[in-house]
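K.L.:
This is the structure I have questions about; it appears just below.
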Amino acid sequence: MQRRTLVTAGAAALAFPSLILAQNLPTGPVRIIVGFAPGGGTDILARVIGQKLGDMWKTQVIVENKAGASGTIAADYVAKQPGDGATLLMAHINSQAITPALQKVNYDAAKDFQPVVLVGVTPNLLICNESQPAKTVKDLVELCRANPGKVSFGSAGTGSAQHLALEMFMLAAKVKAIHVPYKGSGPMLTDLIGGTIQYSFDTMTAATPHVKSGKAIAIAQTRQNRVPAYANVPTMAESGFPGFEATTWYGLAGPAKMPLAMAKRMNEDINKVMLMPEVMEKLAASGAQDGGGSTEKFGDFMHAEQIKWAKIIKDGGVKGEG
């Protein structure tokens, strides 16, 4: 009887290979934890991918926002979850590379996560609201020089990609401005459009809907080459700051306890999702490039970013909140 059961089980596995594959996926609903408020770039991309994965996996994929501390509250939370794949982190340059080099966090960015996949690398967009007098990089530099310490720049938090882009700009242009941190791009953009703050080096993902609606003006982008979605917007390098590059990147990761086989299975499915025409369209509109590939690719990428930003923060003498 025992031999018959084994043979039957083996035959079933051969006949239905999906049964074996299903073992490498979570058995219930999956949460994608986002470290920023709704409406920001991280949140937008997590929802696009989460919806498609929910359809593919035939389960609920819920995006949950745990905003604050430049994404590190969410990262700390996910690092301490079980490794069953039910909780993923929308990993971000802030929580995985910048903030851990800037101040003490309650997790080890290099050891406490299982990389799943790189979703994309985007430029930041230097934006302002319609009422601002300076709408070119040259005019903005002159405005900052004429009003030292008075021109305001919003960010998604102290130690965020937007904050570091501002620090790079102030060093390169030899100007002083006011940094105004928020709990994500969503609330910051509301204040920028409303005129409470003036400028931001925001993520292209979060800024794009507002630029398209005309409520925000795109002045420059921050990768070395223009992305197709913003072919008419100059880079900072073209605007008098050669070598200026400040990106934002996103990916999916689980707790370190998550089995590698599960991470690789998820990687396979998310790579398929990112090739869907409507998802490719959203990624392109956000300026997201270079995404996809293996779990190892994302792990190596994060490691290189951790080294890079630790050096920039040390050399620039940038200070965090604590």
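K.L.:
Would you kindly state how much longer the chain becomes between Lys272 and Glu296 on full extension, computed as 0.36 nm times their sequence separation minus their alpha carbon distance, in nm to one decimal? Before the final figure, lay out each step's value.
P.N.:
Values: separation 24, 0.36 × 24 = 8.64 nm, distance 1.72 nm.
Net length gain for the segment: 6.9 nm.
K.L.:
Another question, if that's okay. Treating the beta-carbon of each Lys and Arg as +1 and of each Asp and Glu as -1, no other charges, what is the dipole magnitude of the chain about its Cα centre, to the nearest 20 debye? Mind showing how you got there, number by number?
P.N.:
Details: 31 positive and 25 negative charges, 70 e Å.
Charge dipole, the chain, about its Cα centre: 340 debye, nearest 20.
K.L.:
By average Cβ neighbour count within 10 Å, what is the ranking of 33-43, 133-143, 91-101 from highest down? Working shown, then result.
P.N.:
On the way: 33-43: 26.5, 133-143: 15.9, 91-101: 28.4.
My ranking of the peptides, most packed first, is 91-101, 33-43, 133-143.
K.L.:
Amide H of Val61 versus every other amide H placed in the peptide plane: which residues, excluding those fewer than 5 positions away on the same chain, fall under 5 Å?
P.N.:
Here Val30, Gly54 satisfy the definition.
K.L.:
Let me ask something additional. Along the stretch 265-274, what does the Karplus equation 6.51 cos²θ - 1.76 cosθ + 1.60 (θ = phi - 60°) give for ³J(HN,Hα), rounded to whole Hz, x for Gly and Pro?
P.N.:
Along the stretch 265-274, the couplings run 5, 4, 4, 4, 6, 5, 4, 5, 4, 6 Hz.
K.L.:
So, one more: I'd like the Karplus ³J(HN,Hα) series for the stretch 157-167: coefficients 6.51, -1.76, 1.60, θ = phi - 60°, whole numbers in Hz, and an x wherever there's a Gly or Pro.
P.N.:
Result, ordered by residue: x, 4, x, 7, 4, 5, 4, 5, 5, 5, 4 Hz.
K.L.:
Based on DSSP, what percent of beta bridges with both residues in the chain are antiparallel, to the nearest 5?
P.N.:
Numbers: 24 of 39 bridges.
Counting DSSP beta bridges with both partners in the chain, the antiparallel share is about 60 percent.
K.L.:
If you wrap a convex hull around the alpha carbons of the stretch 191-232, what volume per residue comes out, as a whole number of Å³?
P.N.:
Each residue corresponds to 74 Å³ of Cα convex hull volume.
K.L.:
Right, next: Could you list which residues have their amide H under 5 Å from that of Ala177, counting only those 5 or more apart in sequence or on another chain, with H placed in the peptide plane?
P.N.:
Amide H to amide H, under 5 Å and 5 or more residues apart or across chains, Ala177 pairs with Gly149.
K.L.:
Tell me the relative contact order for the stretch 124-230 as a rounded percent, counting alpha carbon contacts under 8 Å between residues six or more apart.
P.N.:
Contact order relative to length: 43 percent.
K.L.:
Here is a further query. For the stretch 124-230, max minus min Cα coordinate along each principal axis, in Å, sorted largest first?
P.N.:
Here the Cα extents, ordered largest to smallest, are 31, 29, 27 Å.
K.L.:
For every helix of n ≥ 4 consecutive DSSP H residues, a contribution of -39,500 (n - 2.57) applies; sum these over the chain, divide by its total residues, and give [θ] at 222 nm rounded to the nearest 500 deg cm²/dmol. Before the final figure, lay out each step's value.
P.N.:
Numbers: 12 runs with 136 residues, N = 322.
Estimated from H runs of four or more residues: -13000 deg cm²/dmol.
K.L.:
As I understand it, the dipole of the stretch 235-322 uses +1 on the Cβ of Lys and Arg and -1 on the Cβ of Asp and Glu, about the Cα centre. Which of Val279, Leu252, Ala263 lies farthest toward its positive end?
P.N.:
So the residue we want is Ala263.
K.L.:
If each residue's Cβ is checked for other Cβ atoms within 10 Å, how do Phe241, Phe298 rank with the fewest at the top? All intermediate terms of the calculation are to be shown ahead of the outcome.
P.N.:
Details: Phe241 18, Phe298 26.
So the residues, fewest neighbours to most, are Phe241, Phe298.
K.L.:
Take each of the peptides 264-274, 305-315, average the number of other beta-carbon atoms within 10 Å over its residues, and list them starting from the highest.
P.N.:
Numbers: 264-274: 18.7, 305-315: 15.4.
Put in order of decreasing packing, that is 264-274, 305-315.
K.L.:
Also: Percentage of Cα-Cα pair distances in the stretch 175-322 greater than 28 Å, rounded to whole percent? Intermediate results must be reported in sequence, preceding the final value.
P.N.:
Working: 3487 of 10878 pairs.
Percentage above 28 Å: 32.
K.L.:
Moving on to the next point. Could you pull out every residue, at least 5 positions away or on a different chain, whose amide H is within less than 5 Å of the one on Thr87? Hs are placed 1.01 Å off N in the peptide plane, and Pro or chain starts have none.
P.N.:
Arg31
K.L.:
Could you give the angle, 0 to 90 degrees to the nearest 10, between helix 185-194's Cα long axis and the longest principal axis of the Cα atoms of the chain?
P.N.:
30 degrees
K.L.:
Let me test this: with uniform point scatterers at the alpha carbons of the chain, what is the Debye-based log₁₀ I(q)/I(0) at q = 0.07, 0.13 1/Å?
P.N.:
-0.29, -0.89
K.L.:
Taking 7 Å along the Cα-to-C-beta vector as the label spot, tell me the Asp84-Lys104 distance in nanometres, rounded to one decimal.
P.N.:
3.3 nm
K.L.:
Residue by residue through the stretch 309-315, what is 3J(HN,Hα) from phi via Karplus (6.51 cos²θ - 1.76 cosθ + 1.60, θ = phi - 60°)? Round to whole Hz and write x for glycine and proline.
P.N.:
Coupling constants for the stretch 309-315: 6, 4, 5, 4, 5, 5, 5 Hz.
K.L.:
Where the only charges are on Cβ atoms (+1 Lys, Arg; -1 Asp, Glu), what is the dipole of the stretch 169-259 about its Cα centre, to the nearest 20 debye? Display every interim value, and only then the final one.
P.N.:
Values: 8 positive and 4 negative charges, 23 e Å.
My answer is approximately 120 debye.
K.L.:
Using packing as a proxy for protection, rank 196-202, 48-54 so that the peptide with the highest average count of other Cβ atoms within 10 Å comes first. Show your work: numbers first, answer last.
P.N.:
Values: 196-202: 25.6, 48-54: 19.9.
For the peptides 196-202, 48-54, the packing ranking is 196-202, 48-54.
K.L.:
Between Ala261 and Lys314, 0.36 nm times their residue separation minus their Cα-Cα distance comes to what?
P.N.:
Working: separation 53, 0.36 × 53 = 19.08 nm, distance 3.70 nm.
That works out to 15.4 nm of additional length.
K.L.:
Listing Leu25, Leu283 from the residue with the fewest other Cβ atoms within 10 Å to the one with the most, what is the order?
P.N.:
Details: Leu25 17, Leu283 23.
So the ranking, lowest neighbour count to highest, is Leu25, Leu283.
K.L.:
Of Ser239, Phe301, Ile313, which is farthest towards the positive pole of the stretch 169-322's charge dipole, taken about the Cα centre with +1 and -1 on the beta-carbons of Lys, Arg and Asp, Glu respectively?
P.N.:
Towards the positive end, the residue furthest out is Ile313.
No lab work stands behind these numbers, since they all come straight from the coordinates. Because the structure is predicted, anything quoted here is derived from the model rather than measured. So basically every Cβ, Gly included, is an ideal-geometry build from the backbone, and we count neighbours across all protein chains shown.
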